[in-house]
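Nothing in this text is a laboratory measurement; each read-out follows from the coordinates by a stated rule. Note that the structure is a prediction, hence the values are computed from the model and not measured. A quick note on method: Cβ atoms are made from the backbone with ideal geometry, for glycine too, and the neighbour counts reach across all protein chains shown.
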Amino acid sequence: MTTRCGYCGENVDKRQGTHVHDPKICSACKRELPTAEFPRWPSSADGRRHQCRTCVRGELDAQKVKRAENRERSRQWRNEWFRKNGYTWVVRTPDGRYVTPLEAEHELDQKEQNAQGYNWE
Ligand SMILES: [Zn+2]
Ligand SMILES: [Zn+2]
């Protein structure tokens, strides 16, 4: 069983030991970087992604932004729908403030984002 290396095109038998490219050129930004700069990716022949951390992170950030935008849109739609039908809805925060669900979700989002960091290894 061999795996074609997406980086050099060679057929690699992973049982024959590791097939490492060090340094390696990022397929996105074309910089030559040490292997450690490429996130682990068990399904590829050299065990690493072909894009460096910086590029992969940028990709993830773009996905995150898109998801946040979608969430924002459905939230706005829901709040408008409540208002249109004469409903008001307030949420009491742990420290005793009254906010709209929109504000509450924003606060929680912020908190989550602060608590979350990327962890590759
Ligand atoms: Zn290779
Ligand atoms: Zn890169």
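Annotations
- Around T54: net Lys/Arg minus Asp/Glu count, Cβ-Cβ under 13 Å: +2
- Anchor K30: lysines whose Cα lies under 21 Å away (excluding residues fewer than 8 positions away in-chain): none
- Simple label model, 7 Å out from Cα along Cβ direction - E69 to D22, nm: 4.0
- Extending 7 Å from Cα along the Cβ direction at F82 and again at L108 yields two label points whose distance is 1.2 nm.
- Sparse-neighbourhood loop sites, trypsin sites (Lys or Arg not before Pro) in region 23-121 - DSSP loop, at most 11 other Cβ within 10 angstrom: K30
- CD proxy at 222 nm, helix term only [per DSSP H run n ≥ 4: -39500 (n - 2.57); per residue of the chain; nearest 500]: -13500 deg cm²/dmol
- 12 Å beta-carbon shell around R75, net charge (K/R +1, D/E -1): -3
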